[in-house]
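Novice: Below are the structure tokens for one structure; questions will follow.
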Amino acid sequence: MTWLQNYDPLGNAFLSTTVAALPVVVLLGAIAFFQIRIHFSALLGLAVALAVALFVFKMPLKPALATTAYGAAYGLFPIGWIILNLIFLYQLTVKKGWFEVLRNSLGSFAPDPRVQVILIAFSFGAFFEGAAGFGTPVAVTAAILIQLGFKPLQASGLSLIANTAPVAYGALGTPIIALSGVTGLDLHQLSAMAGRQLPLFSLIVPFWVVWAFAGFRGMLGVWPAALTAGVAFAIPQFLVSNFHGPWLVDIIASMCSMAALGILLKCWRPRDNWTATDAGADAVNGPRTALSARATNGNAPDPAPAAVRDPASSTSRSQVIRAWVP
């Protein structure tokens, strides 16, 4: 059965748009203001969406129920399945203690917090976006930044800003694939067109996220890192999206960006002795382990286990590799 949707059922574009937005408003409002559990909020939003489709847009019952079932199935496979596997790997890494090794290796590799923002929030976050998407890159990279000494709200905001460049190809290209499915447009043409627009933003975002964190002068001190990360991300993003497809764009581009930034940091480090009270003392001082925190408080540190020693001296290369593999 074919049903042709009327996009202005109420005869007023503003009113029709407002009614169409009700499911999203109800979902977010139930979570933010009424603090209803997320799965109940989702069901409530689904009920409102179904009611709007049936009674306002006059969608027939059979296609409405079929669309609901299809949306639930598509949310579970592949979206839910991708997220489930990433959460499993993340929890496995945390339980085995490798997440701390991963975090310390990132912190010691790039001790300047401005470079940490580029490496973790932008490059590393883009990898998580390409592998899973749907909030996981912000959750994981914000957690790493918080453990490196950034304020929670600050870490979350910076991760969200950094996630603007790779999000179109998140979860193995799911947004492009879904857009192709609902519009009938050619998948590779959609991937190529998005890949011609986004590289410009991929060049801007590393500068933008550092500017948001450290200010304009702080950003100027690490412009080589921001430029390197942006260029090394933008070029593969363009090439893969135009000549391969949407599936591996973020994964390949993020790996190129991390590798290029790593090569740069072998021969270059910021020399401006940047400090900024706006970033907070913890973020300015860079990574802090439990040992350094106790020493700062003026207490003589007890003999510390390996988990809280200087990561550069206590973690072997094989341990770092095992932490990065998942």
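The values are calculated or read from the model by the stated rules, or taken from the named source; none is laboratory data. Not measured: the values here are computed from a predicted model. FYI the Cβ positions are ideal-geometry reconstructions off the backbone, even for glycines, and counts take in every protein chain you see.
Novice: Taking helices (runs of 4 or more DSSP H) that fall entirely within segment 154-261, which contain at least 3 residues that are among the hydroxyl-bearing types (Ser, Thr, Tyr)? Before the answer, list the steps.
Specialist: Numbers: elements: 170-183, 187-220, 223-243.
It comes to 170-183.
Novice: Cβ contacts < 6 Å: first residue in the same structural domain as residue 136 (by TED's automatic domain parsing), restricted to segment 171-199; second residue assigned to a helix (DSSP H, G or I) and among the β-branched types (Val, Ile, Thr), any location; separation 6+ or different chain. Result?
Specialist: Taking only residues 6 or more apart or on different chains, the pairs are 171/82; 190/176; 191/176.
Novice: Of everything in segment 5-19, what is under 36 Å from the mean Cα position of the chain (by Cα) and either surrounded by 10 or more Cβ atoms within 10 Å (Cβ to Cβ) or assigned to a loop (DSSP other than H, G, I, E, B) (or both)? Give them in sequence order.
Specialist: Start the filter on segment 5-19 by keeping residues that are under 36 Å from the mean Cα position of the chain (by Cα), which leaves 5-8, 13-19.
Passing the criteria: 5, 6, 7, 8, 13, 15, 16, 17, 18, 19.
Novice: Which residues, taken from segment 159-198, are polar (S, T, N, Q) and either within 27 Å of residue 124 (Cβ to Cβ) or buried (at least 23 other Cβ atoms within 10 Å of the Cβ) (or both)? Full working, then the answer.
Specialist: Initially, segment 159-198 is screened for residues polar (S, T, N, Q), giving 159, 163-164, 174, 180, 183, 189, 191, 197.
Across segment 159-198, the qualifying residues are 159, 163, 164, 174, 191, 197.
Novice: Can you confirm whether segment 234-252 contains a residue that is closer than 25 Å to residue 108 by Cβ and either without any contact (Cβ under 8 Å) to a residue 40 or more places away in the chain or small (Gly, Ala, Ser) (or both)?
Specialist: No, segment 234-252 has no match at all.
Novice: May I ask you to list the residues in segment 208-256 that are of a type in the set (S, T, N, Q) and farther than 15 Å from residue 121 by Cβ?
Specialist: First, the residues of segment 208-256 that are of a type in the set (S, T, N, Q): 228, 237, 241-242, 254.
Matches in segment 208-256: 228, 237, 241, 242.
Novice: Right, another one. Taking residue 153 and the conditions (1) of a type outside the set (Asp, Glu); (2) touching a helix residue (DSSP H, G or I) at 6+ places or on another chain (Cβ under 8 Å); (3) free of Cβ contacts under 8 Å to residues at least 24 places away in the same chain, which numbered condition does it fall short on, given that it satisfies the others?
Specialist: Of everything listed in (1) of a type outside the set (Asp, Glu); (2) touching a helix residue (DSSP H, G or I) at 6+ places or on another chain (Cβ under 8 Å); (3) free of Cβ contacts under 8 Å to residues at least 24 places away in the same chain, residue 153 misses just condition (2).
Novice: Give me a count of the residues in segment 176-199 that are at pLDDT 95 or above and over 17 Å from residue 243 (Cα atoms).
Specialist: 0
Novice: Scan segment 105-125 and tell me whether some residue there is out of contact with any Lys or Arg (no Cβ under 7 Å at 6 or more places or on another chain) and farther than 24 Å from residue 273 by Cα.
Specialist: Yes; the residues of segment 105-125 include at least one that is out of contact with any Lys or Arg (no Cβ under 7 Å at 6 or more places or on another chain) and farther than 24 Å from residue 273 by Cα.
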